[in-house]
Each structure stands twice: as structure tokens, then as C-alpha cells.
Amino acid sequence: MRILVTNDDGIHSPGLTALAKALSKVGEVWVVAPDRERTAAAHAVTLHKPLRVQQCGTRVYAVSGTPVDCVNLAVLKLLPAPPDLLVSGINKGVNLGDDVLYSGTVSAAMEGTILGVPSMAVSQEGQEHFHFDAGARYAVRIARLILKEGLPDETLVNLNIPNRPFKSITGVRITCLSRRRFDNPIIEKIDPHGRTYYWIAGTRVSWSRSKDADHEALEQGAVSLTPIHLDTTNHGVLDRFRKWETGRRQGMGRMAVLPKSKGKQRS
Ligand code: MN
């Protein structure tokens, strides 16, 4: 069994070390991670500059790129064959609700899924003094389940661990992504030269109340497991938008009004 471990906090993050060590009980672990912190890199890919890979140990590589770069290099180049499982983390801080859109940790797992590798993102609640040992034990538990039962098509697992000792975690809850609201997300200040600058900050103030919300599991001291699908199409509203269609739909025998040509084809 071959397991790829990556993250967005960088190769030196203790969360990565704890995860790799714990998963080595499950299979042969390969670590391919960014050479520095790339938190909030989302799904960025480096296209306009070269990537450098530095081997730091047996099956341990640091890459001068994003988490998604790391996954591509690992799966398509560095590993002798695609891994049986990809685990990204353990991130310092939760990736709940809308966080998954910004998170490099989750994007690494998404990229694994795109490449056909069963993938999971693991994040630990908190800002410091992380109980990574507890997070790693839950990561191993779910990793074994994924390896045994597989994952549905185009689906990854987003795991969030409450920051408390293993014994006081109350279990695993299956949850949905929630919505959050930020208070004062843009900070405006003046620099020493008298010029205005901005800082995207914002402290999390409130979560939407929804059924089986991921943040509620953590509030109750439980691990949150959200299955995430790559297809973000809103299938329920397709019919509402179909009346906006123009041109002929293949096989439908129907003609609609074509928009006036602007003359030039967009490339
Ligand atoms: Mn991070």
C-alpha cells in the first residue's frame, strides 16, 4: 500500500510529520510537500516558472510550488506508481464550510481526486498547541476505511478534528459544508510612507444554522467528516436556466433565437 502525504503548511509543519508517522503503520508513506507555507493557495498551479524538487530524506521531497503542484509532481513523476491513497494535512486550523474554496489543504485532496487517487484532507481546530496526535489517529482510522471500502466517484473526504485529547473526542459525525459570515474582513491602514494599504483579515463571527453543519460537530467535540463532490453544478436549477439557451440543441429538434453576432469570434 502506497500513501502520498502532502499539505499546505509546508514540509516543516509538525502536522505533516505527525500524519506521515501515523500513516506509516498503514502503508509505505511518500511525502511531497511545499518547501514553505502555502496556506490559502487554493487550487493554484505554477505555470510560468520552473519547479524545483529537493529530496530531504527517504521518500520525502520538498517542492518550490503549491500543494496542487506537489500532487501533480508526486503522482505523475516522483512516485514509482500512483498512490493508493492521498492524505493532505494535518492543517493548522479548520477547513470548514466556505474555507474549502480557499484551502490549499483541501485543494491538494481535490487534485488527487481529479487524478483518480482516493483522497482526504485533514485539518485540526485551533491556532496553537495542536493535539496532532489525536488528529493523526482519526486520520488513520478513516484512511483504513477508505482503503477498505473505496470512495464514490469524484468524491473526496474533508475531515476536521476538534483540538482536544483523543480520549475526549466524542466520535465522528457525517456533516455538510456550512456558510460563515465575517465581520470587518478588510482592514485599512496607513504605512510609514503615508500610503494606504489593505489587509484581508476578518475574524470569523457567525456560522449559518443548517442541518448537519460541519462546524456543529466540532462544537460538540466530534470529528466532522464531509464528503465533497467535484461537480459543483447546481443540478436542481438546470431547467430554470434552460430557457436562456440559444441555438439548436442537438437531437431536440428545436430552434431558439440566436444572439446577434458581435462579428469577432472570442478566443
Ligand atoms: Mn494551512
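The values are calculated or read from the model by the stated rules, or taken from the named source; none is laboratory data. Keep in mind the model is a prediction, meaning the values are calculated, not measured. Note: ideal-geometry Cβ built from the backbone for every residue, glycine included; neighbour counts use all protein chains shown. Side chains included, ligands, DNA and RNA excluded: accessible areas come from the protein's heavy atoms. Shrake-Rupley method; radii C 1.70, N 1.55, O 1.52, S 1.80 Å.
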Worksheet item: In the set G104, G97, which member is within 12 Å of the ligand (Cβ to nearest atom) and in contact with a Lys or Arg (Cβ under 7 Å, 6 or more places away or on another chain)?
Response: G104
Discussion item. Need pairs with beta-carbon distance below 6 Å; first residue of a type in the set (K, R) and within region 56-68, second surrounded by 16 or more Cβ atoms within 10 Å (Cβ to Cβ) and at pLDDT 95 or above; sequence gap 6+ or separate chains.
Written reply: R59/W30
Fill in: G247 open to solvent by less than 50 Å² (accessible area, probe 1.4 Å), outside any strand (DSSP E or B) and touching a helix residue (DSSP H, G or I) at 6+ places or on another chain (Cβ under 8 Å)
no
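When the residues of region 84-123 are narrowed to those that are among the acidic types (D, E) and in a loop (DSSP other than H, G, I, E, B), which ends up surrounded by the fewest Cβ atoms within 10 Å (Cβ to Cβ)?
First pass over region 84-123, keeping only residues among the acidic types (D, E): 84, 98-99, 111.
Imposing the further condition that a residue be in a loop (DSSP other than H, G, I, E, B) reduces the set to 84, 98.
On the way: D84: 17, D98: 14.
Looking at residues that are among the acidic types (D, E) and in a loop (DSSP other than H, G, I, E, B), I get D98.
Okay, residues lined up against (1) out of contact with any Ser or Thr (no Cβ under 7 Å at 6 or more places or on another chain); (2) within 28 Å of A201 (Cα to Cα); (3) away from the ligand (no atom under 16 Å from the Cβ); (4) part of a strand (DSSP E or B):
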{"site": "L19", "(1), (2), (3), (4)": "yes, no, no, no"}
{"site": "A42", "(1), (2), (3), (4)": "no, yes, no, no"}
{"site": "C56", "(1), (2), (3), (4)": "yes, no, yes, yes"}
{"site": "N72", "(1), (2), (3), (4)": "yes, no, yes, no"}
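Give the residues of region 4-17 that are under 17 Å from the mean Cα position of the chain (by Cα) and either of a type in the set (V, I, T) or within 11 Å of the ligand (Cβ to nearest atom) (or both), sorted by residue number. It would help to see each step written out before you state the result.
Quick first cut of region 4-17, residues under 17 Å from the mean Cα position of the chain (by Cα) only: 4-11, 13, 15-16.
Hits for region 4-17 are V5, T6, N7, D8, D9, G10, I11, S13, G15, L16.
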Item to complete: Give region 152-165 a look and list any residue that's surrounded by fewer than 18 Cβ atoms within 10 Å (Cβ to Cβ) and closer than 20 Å to M110 by Cβ, or say none.
Response: P152, D153, E154, T155
